[in-house]
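Worksheet: the structure to be examined is printed underneath.
The values are calculated or read from the model by the stated rules, or taken from the named source; none is laboratory data. Just so it is clear, the structure is predicted and the values come from calculations on it, not from any experiment. Methodologically, a virtual Cβ is constructed for each residue, glycine included, from the backbone with ideal geometry; neighbour enumeration extends over all protein chains shown.
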Amino acid sequence: MKKLFFVLAVLFCTTGVMAQGNLSKYLPVEPKKSKFDDNMQGIYKLTEDTDSHNYFVIEKITEYEYSISYMNRSGNNRGLEHFRMVIREFDGMKFLCVQNWLAGSDNWTFFRIRDKAENYWNITMDIVMEETLQNAKDGKELTAMMLKHVNDPSFFGKEYHFMKKLTLGGLRPVITQ
């Protein structure tokens, strides 16, 4: 399950699903920067992961950046799997752009937010799997490539679901059924 994080890198982030080809040296460009949404801060559980000790922590770094930590082994490895993330939004779609430490600090992995509940209590996303992203010459070309294929199912990998267990902006209990 540790490798699953790298597929999601929510992010949120590989189980062998993530190929070197879906990394890019560039970030997509957008008309204006997407500011941090305080509602996204929290502790999340990947619903596909059956180990109750594994979870993700999303925290604010700056007005435009997030920090993501993958906690497994009962939360004892926070410093080992820690990532920087920004959000890019264009044409009404949000993409999580996660710095991928496996490939070096200049490379990014992208995830499309397909659906989210109010205040990010549930998030559905999928990873961008297109190998040609590594050939983009700059952020504008990368953005054009992503927009061109945004409705192409072969552009994306498996869908993943996250449930927020605790918000970091306040203590709201989670009621599970």
- prompt: Quick one: what pairs do we get from the stretch 143-159, first residue more than 24 Å from Thr47 (Cβ to Cβ), second of a type in the set (S, T, N, Q) and not in a strand (DSSP E or B), C-beta under 7 Å, 6+ apart or different chains?
  reply: Met145/Thr132
query: Only one residue in Asp138, Asp38 is of a type in the set (Asp, Glu), closer than 19 Å to Met163 by Cβ and either modelled with pLDDT of 90 or more or in contact with a Gly (Cβ under 9 Å, 6 or more places away or on another chain) (or both). Which one?
result: Asp38
